[in-house]
1. When you check ASN158 against the structure, is it closer than 21 Å to ASP41 by Cα and surrounded by 15 or more Cβ atoms within 10 Å (Cβ to Cβ), yes or no?
2. In this structure, does ILE84 turn out to be in contact (Cβ under 8 Å) with a residue 60 or more places away in the chain, under 15 Å from SER160 (Cα atoms) and buried (at least 16 other Cβ atoms within 10 Å of the Cβ)?
3. Taking into account only those residues within the stretch 69-79 that are part of a strand (DSSP E or B) and surrounded by fewer than 20 Cβ atoms within 10 Å (Cβ to Cβ), which is modelled with the lowest pLDDT?
4. Which residues, taken from the stretch 107-120, are surrounded by fewer than 17 Cβ atoms within 10 Å (Cβ to Cβ) and at negative phi?
5. If you scan the stretch 32-57, which residues turn out to be at pLDDT below 90, closer than 12 Å to LYS109 by Cβ and in a strand (DSSP E or B)?
6. As an exercise: evaluate GLU153 against (1) surrounded by fewer than 15 Cβ atoms within 10 Å (Cβ to Cβ); (2) under 23 Å from ALA44 (Cα atoms) and give the number of the one condition it does not meet.
7. Taking the stretch 23-68 as the region of interest, how many residues are among the charged types (D, E, K, R), crowded, with 19+ Cβ neighbours inside 10 Å and closer than 21 Å to ASN129 by Cβ?
Amino acid sequence: MRCRYHLLLIFILVFLPRLKAQENLAFISFSMGWFDFMQADGEAFEGRIEYKSNLSFAGLKPFFGFAVTSDGAFNTAFGVYTEIFLFENKIVVTPSFSPCLFHDGIRGKLLKSELEFRSQVEISYRFKNEMRLGLSINHISNGGIKIYNPGTESFALNYSIPVKQIL
(Lines give C-alpha, C1' and ligand atoms only; values in the text may rest on other atoms or scores of the structure.)
Protein backbone atom coordinates (compact mmCIF):
# COMPACT_ATOMS: atom_id res chain seq x y z
CA MET A 1 0.00 0.00 0.00
CA ARG A 2 2.69 2.52 1.02
CA CYS A 3 4.66 1.46 -2.03
CA ARG A 4 2.41 3.81 -4.02
CA TYR A 5 4.28 6.84 -2.63
CA HIS A 6 7.53 5.53 -4.07
CA LEU A 7 5.98 4.60 -7.42
CA LEU A 8 4.40 8.05 -7.79
CA LEU A 9 7.70 9.78 -7.10
CA ILE A 10 9.58 7.53 -9.53
CA PHE A 11 6.97 8.39 -12.18
CA ILE A 12 7.45 12.11 -11.51
CA LEU A 13 11.24 11.81 -11.66
CA VAL A 14 11.21 9.95 -14.97
CA PHE A 15 8.34 11.44 -16.92
CA LEU A 16 7.73 15.00 -15.73
CA PRO A 17 9.33 17.55 -18.09
CA ARG A 18 11.94 19.69 -16.43
CA LEU A 19 12.22 23.45 -16.73
CA LYS A 20 15.87 24.48 -16.91
CA ALA A 21 17.58 26.99 -14.66
CA GLN A 22 20.37 29.30 -15.65
CA GLU A 23 23.10 27.30 -13.86
CA ASN A 24 23.67 23.69 -12.98
CA LEU A 25 25.09 23.74 -9.45
CA ALA A 26 26.09 21.21 -6.80
CA PHE A 27 24.74 21.84 -3.28
CA ILE A 28 25.35 20.98 0.34
CA SER A 29 21.95 20.84 2.07
CA PHE A 30 21.26 21.01 5.79
CA SER A 31 17.88 19.95 7.13
CA MET A 32 16.21 19.81 10.52
CA GLY A 33 12.75 18.61 11.21
CA TRP A 34 10.18 16.33 12.71
CA PHE A 35 10.69 12.58 12.21
CA ASP A 36 7.57 10.36 12.19
CA PHE A 37 5.24 13.35 12.43
CA MET A 38 2.19 11.61 10.90
CA GLN A 39 2.03 8.42 12.97
CA ALA A 40 3.28 9.89 16.24
CA ASP A 41 4.54 6.58 17.62
CA GLY A 42 8.23 7.31 17.12
CA GLU A 43 8.39 11.10 16.97
CA ALA A 44 11.84 12.66 17.20
CA PHE A 45 13.96 15.55 16.01
CA GLU A 46 15.78 14.79 12.74
CA GLY A 47 18.95 16.38 11.39
CA ARG A 48 20.18 15.68 7.88
CA ILE A 49 23.07 16.67 5.62
CA GLU A 50 23.20 15.89 1.90
CA TYR A 51 25.50 16.48 -1.04
CA LYS A 52 23.53 17.07 -4.25
CA SER A 53 25.70 16.64 -7.32
CA ASN A 54 25.42 18.73 -10.47
CA LEU A 55 26.21 15.73 -12.71
CA SER A 56 23.18 14.85 -14.79
CA PHE A 57 22.00 11.87 -16.80
CA ALA A 58 18.62 12.18 -18.51
CA GLY A 59 17.71 15.00 -16.10
CA LEU A 60 18.48 12.93 -12.98
CA LYS A 61 21.30 13.89 -10.63
CA PRO A 62 22.89 11.78 -7.87
CA PHE A 63 22.92 12.71 -4.20
CA PHE A 64 24.03 11.12 -0.97
CA GLY A 65 23.30 12.01 2.60
CA PHE A 66 23.17 11.10 6.24
CA ALA A 67 20.33 11.62 8.73
CA VAL A 68 20.16 11.11 12.49
CA THR A 69 17.28 11.42 14.94
CA SER A 70 17.23 12.47 18.59
CA ASP A 71 16.20 8.94 19.60
CA GLY A 72 19.29 7.33 18.06
CA ALA A 73 18.04 6.18 14.66
CA PHE A 74 20.11 7.04 11.60
CA ASN A 75 20.28 6.34 7.89
CA THR A 76 22.51 6.84 4.91
CA ALA A 77 21.03 7.43 1.49
CA PHE A 78 22.32 7.40 -2.06
CA GLY A 79 19.81 8.24 -4.76
CA VAL A 80 18.68 10.55 -7.52
CA TYR A 81 16.87 13.87 -7.69
CA THR A 82 15.72 16.35 -10.28
CA GLU A 83 14.92 20.04 -10.15
CA ILE A 84 11.81 21.72 -11.52
CA PHE A 85 12.07 25.51 -11.73
CA LEU A 86 8.93 27.64 -11.52
CA PHE A 87 8.03 31.34 -11.40
CA GLU A 88 11.07 32.70 -13.24
CA ASN A 89 13.35 30.18 -11.49
CA LYS A 90 12.58 31.55 -8.02
CA ILE A 91 10.76 28.42 -6.80
CA VAL A 92 12.46 25.03 -7.07
CA VAL A 93 10.59 21.75 -6.66
CA THR A 94 13.03 18.92 -5.97
CA PRO A 95 11.62 15.38 -5.99
CA SER A 96 14.07 12.63 -5.02
CA PHE A 97 14.21 8.89 -4.50
CA SER A 98 16.84 6.79 -2.75
CA PRO A 99 17.44 3.44 -1.20
CA CYS A 100 18.88 3.92 2.28
CA LEU A 101 20.48 1.88 5.00
CA PHE A 102 18.45 2.43 8.16
CA HIS A 103 19.37 1.68 11.76
CA ASP A 104 16.65 1.88 14.43
CA GLY A 105 19.04 3.09 17.12
CA ILE A 106 18.51 2.52 20.82
CA ARG A 107 15.07 4.10 21.15
CA GLY A 108 14.30 4.79 17.48
CA LYS A 109 11.30 3.84 15.41
CA LEU A 110 11.33 0.11 14.61
CA LEU A 111 11.15 -0.21 10.84
CA LYS A 112 12.49 -3.80 11.04
CA SER A 113 14.50 -3.59 7.83
CA GLU A 114 18.02 -2.36 7.19
CA LEU A 115 17.13 -1.57 3.56
CA GLU A 116 14.52 1.17 3.29
CA PHE A 117 13.46 3.51 0.48
CA ARG A 118 13.00 7.25 0.81
CA SER A 119 10.75 9.34 -1.44
CA GLN A 120 10.92 13.09 -0.87
CA VAL A 121 9.60 16.32 -2.31
CA GLU A 122 11.20 19.65 -1.40
CA ILE A 123 9.89 23.08 -2.33
CA SER A 124 12.41 25.90 -1.99
CA TYR A 125 12.80 29.59 -2.61
CA ARG A 126 15.91 30.35 -4.67
CA PHE A 127 17.72 33.53 -3.62
CA LYS A 128 19.74 35.70 -6.03
CA ASN A 129 22.98 34.25 -4.61
CA GLU A 130 21.66 30.74 -5.53
CA MET A 131 21.14 29.68 -1.89
CA ARG A 132 17.82 27.98 -1.21
CA LEU A 133 15.48 27.83 1.75
CA GLY A 134 12.61 25.38 1.68
CA LEU A 135 10.43 22.72 3.21
CA SER A 136 10.45 19.01 2.49
CA ILE A 137 8.31 16.03 3.27
CA ASN A 138 9.49 12.46 2.87
CA HIS A 139 8.29 8.92 3.29
CA ILE A 140 10.58 6.06 4.30
CA SER A 141 9.51 2.44 4.12
CA ASN A 142 10.81 -0.91 2.96
CA GLY A 143 8.56 -0.79 -0.10
CA GLY A 144 6.97 -4.12 0.77
CA ILE A 145 10.16 -6.20 0.62
CA LYS A 146 9.31 -7.44 4.13
CA ILE A 147 5.92 -8.33 5.57
CA TYR A 148 6.24 -5.79 8.39
CA ASN A 149 6.32 -2.34 6.76
CA PRO A 150 5.30 0.46 9.17
CA GLY A 151 7.05 3.30 7.34
CA THR A 152 7.54 6.82 8.59
CA GLU A 153 7.29 10.40 7.37
CA SER A 154 9.46 13.42 8.08
CA PHE A 155 8.80 17.12 7.67
CA ALA A 156 11.86 19.39 7.55
CA LEU A 157 13.23 22.87 6.98
CA ASN A 158 16.06 22.80 4.40
CA TYR A 159 18.88 25.21 3.66
CA SER A 160 21.02 24.57 0.57
CA ILE A 161 24.33 26.26 -0.20
CA PRO A 162 26.02 26.00 -3.61
CA VAL A 163 29.33 24.16 -3.26
CA LYS A 164 31.09 26.89 -5.26
CA GLN A 165 30.31 29.35 -2.42
CA ILE A 166 31.86 27.05 0.20
CA LEU A 167 35.12 26.38 -1.62
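The values are calculated or read from the model by the stated rules, or taken from the named source; none is laboratory data. Quantities reported herein were computed from a predicted structural model and do not represent experimental measurements. Glycine gets a Cβ as well: all are built from the backbone with ideal geometry, and neighbour counts include every protein chain shown.
1. Values: closer than 21 Å to ASP41 by Cα: no; surrounded by 15 or more Cβ atoms within 10 Å (Cβ to Cβ): yes.
The answer is no for ASN158.
2. Working: in contact (Cβ under 8 Å) with a residue 60 or more places away in the chain: yes; under 15 Å from SER160 (Cα atoms): no; buried (at least 16 other Cβ atoms within 10 Å of the Cβ): yes.
Answer is no for this residue.
3. Within the stretch 69-79, the first condition is being part of a strand (DSSP E or B), and the residues that meet it are 69, 74-79.
Then keep just the ones that are surrounded by fewer than 20 Cβ atoms within 10 Å (Cβ to Cβ); that gives 74, 76, 78.
Numbers: PHE74: 90, THR76: 96, PHE78: 97.
Among those that are part of a strand (DSSP E or B) and surrounded by fewer than 20 Cβ atoms within 10 Å (Cβ to Cβ), it is PHE74.
4. As a first pass, look at the stretch 107-120 and keep what is surrounded by fewer than 17 Cβ atoms within 10 Å (Cβ to Cβ): 107, 110, 112, 114-115.
Of everything in the stretch 107-120, those that are surrounded by fewer than 17 Cβ atoms within 10 Å (Cβ to Cβ) and at negative phi turn out to be ARG107, LEU110, GLU114, LEU115.
5. Answer for the stretch 32-57, where residues must be at pLDDT below 90, closer than 12 Å to LYS109 by Cβ and in a strand (DSSP E or B): PHE35, ALA44.
6. The number of the failed condition is (1).
7. Step one: filter the stretch 23-68 for residues among the charged types (D, E, K, R), giving 23, 36, 41, 43, 46, 48, 50, 52, 61.
Applying the additional criterion that residues be crowded, with 19+ Cβ neighbours inside 10 Å yields 36, 46, 48, 50, 52, 61.
Next cut, closer than 21 Å to ASN129 by Cβ only: 50, 52, 61.
The number of residues fulfilling the criteria is 3.
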